[in-house]
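J.: Supplied in structure tokens, the structure appears directly below.
What follows is calculated from the coordinates using simple rules that are stated; it is not laboratory data. Just so it is clear, the structure is predicted and the values come from calculations on it, not from any experiment. For neighbour counting, all protein chains shown are included, and Cβ atoms are generated from backbone atoms with ideal geometry for every residue, glycine included.
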Amino acid sequence: LSWHVDEQTIRDTFQECGAIETIRFAEDRTTGEFKGFGHIKFQETESTDKAVALSGIDVLGKTMKVQYALGKPDVPKQEEQTYKSSEVSNGGKKGKKEVYSPKPNKENMTEEQQKLLDGYTFTKVYMHGLPFNATEDDVRTFLQHCGDIKNIKFVLQEDGRSTGRMIVEFQKIGG
């Protein structure tokens, strides 16, 4: 999304899709800056099909991508881990990060959410809240006990600065 988008623009863009329950723009936890994406919760499930059909339209000079999102299931947290500064550098400080199970727990999902997941394999992990100066070597060192890493993709801002988020893809399921 454009960095200049606001709630009214989103409401106007999606008004024909159905009644919107909530709009949430993703923001950086530290700076409060908009991250360039958000989530819309519609009152009716059928509205999401109409919204996804709008993917690719121009909104405020930028092509908008619209995708389905699973509702948040009640995914239990794994034990909290403390990262040593040598593992993921954060200016010499130690920090605690919450680690979530990379594979959704189907027992806590609705039937509709379970159907969406059937047939999917999970080799990718989304990580966030990382130090902005974390390098690929830092991440590989920290995750070396998890399995062979196929690819690491850093999520960057438009100007190339780190967002503290990345997607790590492992060579095989369970990595």
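J.: What is the extension gain from T30 to E158, computed as 0.36 nm multiplied by their sequence separation minus the C-alpha to C-alpha distance, in nm to one decimal?
T.: 44.3 nm
J.: Note down the nm distance, to one decimal, between modelled labels 7 Å out along Cα→Cβ at K172 and at L54.
T.: Taking the simple label geometry, K172 and L54 are separated by 4.4 nm.
J.: Using 0.36 nm per residue, how much length does the chain from K65 to N151 gain when fully extended, once their Cα-Cα distance is taken away?
T.: Computed gain between K65 and N151 is 28.6 nm.
J.: Whole-Hz ³J(HN,Hα) for each residue in region 143-157, computed from phi via Karplus 6.51 cos²θ - 1.76 cosθ + 1.60 with θ = phi - 60°, x for glycine and proline: what do you get?
T.: Couplings: 9, 4, 7, 8, x, 6, 8, 8, 7, 10, 10, 7, 8, 10, 6 Hz.
J.: Here are some pairs, K41/K65; K124/K150; K124/K153; K35/K150; K35/K65; which of them have Cα atoms lying more than 18 Å apart in this structure?
T.: Over 18 Å apart, Cα to Cα: K35/K150.
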